[in-house]
1. What residue, of Arg64, Arg49, Arg68, Arg73, is exposed (fewer than 14 other Cβ atoms within 10 Å of the Cβ), part of a helix (DSSP H, G or I) and either among the hydroxyl-bearing types (Ser, Thr, Tyr) or modelled with pLDDT under 90 (or both)?
2. Taking segment 91-149 as the region of interest, how many residues are outside any helix (DSSP H, G or I) and of a type outside the set (Phe, Trp, Tyr)?
3. Determine if segment 97-104 includes at least one residue that is of a type in the set (Lys, Arg), modelled with pLDDT under 90 and within 30 Å of Ala4 (Cβ to Cβ).
4. Starting from segment 1-26, take each residue that is in contact (Cβ under 8 Å) with a residue 24 or more places away in the chain and under 17 Å from Val111 (Cα atoms) and list its partners that are among the acidic types (Asp, Glu) and surrounded by 22 or more Cβ atoms within 10 Å (Cβ to Cβ), counting only C-beta distances under 9 angstrom and pairs at least six apart or across chains.
5. Under 7 Å by Cβ, and 6 or more places apart or on different chains, what pairs join a residue from segment 50-61 that is at positive phi with one that is buried (at least 23 other Cβ atoms within 10 Å of the Cβ) and modelled with pLDDT under 90?
6. I need a count of the residues in segment 1-46 that are more than 22 Å from Arg103 (Cβ to Cβ), buried (at least 18 other Cβ atoms within 10 Å of the Cβ) and either under 11 Å from the mean Cα position of the chain (by Cα) or aromatic (Phe, Trp, Tyr) (or both).
Amino acid sequence: MTDAEIYESLRWDLMRYATALVGPDDAADMVSSAVTKVLDAKGGLTPLRDARPYLMRAVLNEVRMRYRTRSRRPMVPMASLPEGAHEPGHDHMIDLVDRLPPRQRAATYLVYYREYTPTEAAQLMGCRPATVRRYLSLARDKLREALDE
């Protein structure tokens, strides 16, 4: 496969992931920045053994970098997710998920919205499954605390 074919096969997954993390306005910028950095660093996508998890990690890292540089500015609400990613009536919960830090939000999106297992999410996030389970635990604790208030 060529670089263009690899990118084309992963483009929509990367865009949905970035949209869940930063919203539709910045998603394309996150994906293009991440892919450009990978192309520069690796000399293309074809040298990668498995491009999907590598590019997903690159998008998450790009979001984290942007999140840090914007002085912890809140990200775009998940209510703007495409393709019916949430159900009506869950707006309060989505507002609470919007307040999670990027890694907890990424784990929540991959496991609860995209229905990946923690092991699969860990591969995409570039960490161990135990780390994903920890992010999910922290996210659930924060959500439970917010709901109790």
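1. Working: Arg64 fails: exposed (fewer than 14 other Cβ atoms within 10 Å of the Cβ); Arg49 fails: part of a helix (DSSP H, G or I); Arg73 fails: part of a helix (DSSP H, G or I).
Matching residue, one of Arg64, Arg49, Arg68, Arg73: Arg68.
2. Quick first cut of segment 91-149, residues outside any helix (DSSP H, G or I) only: 99-101, 114-117, 126-128, 149.
The next check asks that each one be of a type outside the set (Phe, Trp, Tyr); those that pass are 99-101, 114-115, 117, 126-128, 149.
The total comes to 10.
3. no
4. Within 9 Å, the pairs are Ala18/Glu62.
5. Taking only residues 6 or more apart or on different chains, not a single pair turns up.
6. Total meeting the criteria: 1.
The values are calculated or read from the model by the stated rules, or taken from the named source; none is laboratory data. Because the structure is a prediction, the values reported are computed rather than measured. Glycine gets a Cβ as well: all are built from the backbone with ideal geometry, and neighbour counts include every protein chain shown.
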